[in-house]
Amino acid sequence: MQIWSTNSNWWQSFKFIGENVVNSRGKVIDVAGGLDNENQNIIVSTRNNKISQRWTIIYVDEDKPAPKAGDYIQDVGFYATRPFYIESQAGGKRFMHIMGNNVVINS
């Protein structure tokens with residue numbers, strides 16, 4: 001997956017639903033080849049619910065007081081105003097990371 005300037009079309013708008021990051025056409029964020037390797041590319045693909053498509057939002061400020069009403073952003077499916085990272089559930093404790101213009105997983 002590559003980083004580009006936003007134009008807010010369907011291929012750039014995603015929402016966290018359950019354990020998936022999904023766009024309006026049902027495509028999900030996936031680890032290329034299903035491989036839990038350092039610097040493995042992130043791709044957008046058809047949902048198959050394999051572990052390579054499952055993600056967890058990890059909030060950096062876990063000790064912060066409970067969020068206030070309205071802090072949860074329905075359009076994205078999580079507390080986007082809090083610092084966070086997105087971790088793959090594939091087992092290697094790797095997270096989404098921007099490397100140049102690409103999105104990859106690494107630890």
Task: One residue from Ser8, Ser13 being surrounded by 12 or more Cβ atoms within 10 Å (Cβ to Cβ), among the hydroxyl-bearing types (Ser, Thr, Tyr) and modelled with pLDDT under 85 - done: Ser13
TODO: Within the stretch 17-50, track down each residue that is β-branched (Val, Ile, Thr) and within 13 Å of the chain's Cα centre (by Cα).
DONE: Ile17, Val21, Val22, Val28, Ile29, Val31, Ile42, Ile43, Val44
TODO: Quick one: which residue in Val76, Val103, Val21, Val28 is touching a Lys or Arg at 6+ places or on another chain (Cβ under 6 Å) and outside any loop (DSSP other than H, G, I, E, B)?
DONE: Val28
Task: Filter pass, Val44 being more than 16 Å from Phe14 (Cα to Cα), part of a strand (DSSP E or B) and at pLDDT below 95 - done: no
TODO: Just one of (1) among the polar types (S, T, N, Q); (2) surrounded by 15 or more Cβ atoms within 10 Å (Cβ to Cβ); (3) touching a Phe, Trp or Tyr at 6+ places or on another chain (Cβ under 6 Å) trips up Ser52, so point out which.
DONE: (3)
Task: Subset of the stretch 83-97 [under 18 Å from Ile17 (Cα atoms) and of a type outside the set (Gly, Ala, Ser)] - done: Phe84, Tyr85, Ile86, Glu87, Gln89, Phe95, Met96
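The values are calculated or read from the model by the stated rules, or taken from the named source; none is laboratory data. Because the structure is a prediction, the values reported are computed rather than measured. FYI the Cβ positions are ideal-geometry reconstructions off the backbone, even for glycines, and counts take in every protein chain you see.
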